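**Student:** Before I ask anything, here is the structure I am working with.
Values quoted throughout were computed directly from the atomic coordinates according to the rules given, and no laboratory measurement underlies them. Predicted model only: the values in this text are computed from it and were never measured. Methodologically, a virtual Cβ is constructed for each residue, glycine included, from the backbone with ideal geometry; neighbour enumeration extends over all protein chains shown.
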Amino acid sequence: MFQKRSDVEVRIAPPYLNSPRKHPHSRRHLRSHKGQITIYIILGIIILLALSLFMVFQYSITTSKPDAVLPGGQGKVSNYLTSCIEQVASQALSHMGQQAGYVTVPKEVELDGAKHLRTSPVTVAPFWAYGTTTTIPTQDQLKSRLDTYIQTNLRDCVMNSQGLRDSYNILEKSEVSSDAKIHPKGITFSVKWSIEIQDKAGEVITQIDDHIYESNVKLQDLRDLGEKIILAELSEMKLEDLTQDMIALEHPQLPVSGIEFACSKKKWKFDEAKDTLQNMLRVNLAQLQIKGTNPSTPHTADLPYYQNHYEWNIGELSYSKITPQFHYDANYPFSFDVSPRGGNYLQSENLIPKSKYISLLCLQTWKFAYDVTYPIMLTLTDDTTGYQLKIPFTVEMENNYANRHQTIKPNSPILLSTQTSDDYCKTAKTPMLVKTQEIVDNPYTGVHTTQPLDNAKITFVCLKYDCTIGQTEYNYGGMGDVAAINTNFPACVGGYVRSEKPYYTMAQERVIINSNPNQEVTLNSIPLYPVSLNKITIKTHTNSEDGIGPAQDLKDNQVALIKITFDRGNETYNPLHLPNQESSLVVSPLLDEKTKSSQTLDLLAMAEFTYDVDIQVYEDENLISSYRGNWTVPWEDLEYSSHITFHTIQAPTEDEKLYNYIEDLGTISKTVPLPEIQ
């Protein structure tokens, strides 16, 4: 009875949906033997089982979970509340991933440039290790930070819903209490918040107390692996060793020691030596891999140096679904000095002074000691979800040897994260080309078409900041058969570019906005066909020994919930990572025409798709009828449709029969007609 809930996207249906006219998208087109026991024990077991089943089903109806289906106002508010928990929890996890385990960075860390790595004008990631200090967050600290954020922000998300306030009185009967449980399979967000729901006449509809949202983010594994890497670095000084190796390679612009028969002094520019080492760090450290994890780019046999030096064994690990990446950027703070040197030059010394006896013999010698301190960004990616945890730490050398007693010096003044979105958006300086296209894709039938999608609204989101970028244009800048926009974006280490257009899914891609002037991103939007609620009918059928009864309309005290899902499958079927399509709708004879016309069931357009359909009908909080099955929808039928009728089959009233009914619902549903498109 527990089913995954999907968000209901509410749109105002355009006039053409109220008639069978052609849709704008139409351009082409699921005994054992018992021992001998007394009759009284048998009866006792039956009674106990019946009571247990009753309690289970009663609990499933009165507890709000993301997959629970609840009647009337309770269902609407509960679904919205679960959506808010998901939204707020996702925000908290996003902040935590970008900010090294902090949802909100403490001011004393944000103001101290030696304790964090600034990744954008408004984002800092606290070091997990700097000098001899470690600040690795515990799992309990991560949980506490998630709970605090949810308890602080959930109420505003729910109470700011104009649609809910217009339809119901929502009275809080307790404070918000969050209990996030971080476990190997993900995170369970359990929220206790007692809410009483009343209609506008003040009549109590129901009370909701417990709410649960499940996230698949493997935060525990990411934190644990991050801790192992940091502790191994502190013990082995692996990054310092690699830095020493790069210096010891004796790059022509990065001298260490040598001797040469010459009378003229050899000179090297200090700035060129610094730039050379920074470039070597940027290129080579990206090749570092951790054995027992998923490498981003496996080292091939033709790169033996990387195989021997850049595969780090920190112990027996089994994190095949996590990809670690080490990154150094030339814009990061970089403390660098060389001795001896004179001003902006490094130079050799003549070992044999000139004399009248050996005037033709000159010998130049040099030996330089490097002091280097810089930050590294370790990014751990959960390959199952794409979630990233960013972990910065410092690498520190003195006189060519590892020495974790240096100090990171910020390259630029510390910026406080007090900007508004407008202030942040005005800092846009990095150009990026954004292309938008319509994509129709059904991996099960082989349909795959794309074409430019113009007039798509482009926005950019970086943590709490939201920037409106503009709209894409067809043949932008004479580019031909593309829809695009090329404009400046503000710096952000992990933002999202989004594309939105009516009757299309929102598309988004994660990007890192840096100084690279040649960035480009393509956003794929999927066309939708929204069917308004006033064009949908739910029918119920009785089920008896005499067979299936005739179709009956919903009664005034009955509420139906519809959920349709198109699952694109795993990466083999979905290499572009297109989203699954899910849409839900609440149907009641008591809804007014304005509400019915504004609520839609969003189907995929311009091709044939097969959906998983799940319908449940309630009467006074009791399940009375339902349906579960597959529904294939040809586009040529949907495009010219004026009405859709869904059929359901009666549920048993006896608790002991209800369990088998739910288990066999897919088979039982075949006794009633498939959804009908008129």
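**Student:** Any of LYS594/LYS670; LYS181/LYS291; LYS185/LYS321; LYS435/LYS563 with alpha carbons more than 22 Å apart? Name them for me.
**Tutor:** LYS594/LYS670; LYS181/LYS291; LYS435/LYS563
**Student:** Let me ask something additional. What's the local net charge at GLY666, with K and R +1, D and E -1, over the other residues with C-beta under 11 Å away? Don't jump to the answer; show the numbers that get you there.
**Tutor:** Numbers: positive: ARG628, LYS670; negative: ASP612, ASP614, GLU663, ASP664.
Surrounding charge for GLY666 is -2.
**Student:** When you count, for each residue, the other Cβ atoms within 10 Å and take the mean per peptide, how do 269-278, 534-543 rank with the highest first?
**Tutor:** Descending mean neighbour count gives 534-543, 269-278.
**Student:** Sort 251-259, 393-401, 114-122 by packing, meaning the average of other beta carbons within 10 Å per residue, with the highest value first.
**Tutor:** The packing order, highest mean first, is 114-122, 393-401, 251-259.
**Student:** Here's something else I'd like to know. Loop only per DSSP, at most 10 neighbouring Cβ atoms within 10 Å: give me the GluC sites (Glu not before Pro) in the stretch 525-608, ordered by residue number.
**Tutor:** Working: sites: GLU545, GLU571, GLU582, GLU593, GLU608; in loops: GLU545, GLU571, GLU608.
In loop regions of the stretch 525-608 (DSSP not H, G, I, E or B), the sparsely surrounded GluC sites (Glu not before Pro) are GLU545, GLU571.
**Student:** Determine, for HIS577, HIS647, the number of other Cβ atoms within 10 Å of each Cβ, and report the residues in order from fewest to most.
**Tutor:** Sorted ascending by nearby Cβ count, the order is HIS577, HIS647.
**Student:** Right, next: Which value, in debye to the nearest 20, gives the size of the charge dipole of the stretch 421-526 about its Cα centre, when Lys and Arg are +1 and Asp and Glu are -1 at the Cβ?
**Tutor:** Rounded to the nearest 20 debye, it is 280 debye.
**Student:** Using the number of other C-beta atoms within 10 angstrom as an exposure proxy, rank THR522, THR648, THR468, THR385 with the fewest first. Don't skip to the answer; put the middle values down first.
**Tutor:** Values: THR522 18, THR648 24, THR468 11, THR385 14.
Ascending Cβ contact count within 10 Å gives the list THR468, THR385, THR522, THR648.
**Student:** For an R0 of 25 angstrom, estimate the FRET efficiency from the Cβ-Cβ distance between GLU236 and THR384 and round to the nearest 0.05.
**Tutor:** In this case the efficiency is close to 0.30.
**Student:** Around PRO490, with a cut-off of 9 angstrom between Cβ atoms, what is the net charge of the other residues, counting Lys and Arg +1 and Asp and Glu -1?
**Tutor:** Neighbour charge sum, excluding PRO490 itself: +2.
**Student:** Rounded to the nearest 20 debye, what is the charge dipole size of the stretch 220-402 about its Cα centre when +1 sits on each Lys and Arg Cβ and -1 on each Asp and Glu Cβ? Mind showing how you got there, number by number?
**Tutor:** Numbers: 16 positive and 24 negative charges, 188 e Å.
Its charge dipole is roughly 900 debye.
**Student:** Going toward the positive end of the dipole of the stretch 258-317, with +1 on Lys and Arg Cβ and -1 on Asp and Glu Cβ, which of GLN307, THR276, ASN294 do you reach last?
**Tutor:** Checking the options against the dipole of the stretch 258-317, the answer is THR276.
**Student:** Which net charge results for the neighbourhood of ILE677, defined as the other residues with beta-carbon distances under 11 angstrom from its beta-carbon, given Lys and Arg at +1 and Asp and Glu at -1?
**Tutor:** Result for the neighbourhood of ILE677: -3.
**Student:** Amide H neighbours of TYR102 under 5 Å, counting only residues 5+ apart in sequence or on other chains, H built in-plane at 1.01 Å?
**Tutor:** Amide H neighbours of TYR102, under 5 Å, 5+ apart: none.
**Student:** Taking the number of other C-beta atoms within 10 Å as the exposure measure, put HIS211, HIS643 in order starting with the fewest.
**Tutor:** By the 10 Å Cβ count, ascending: HIS643, HIS211.
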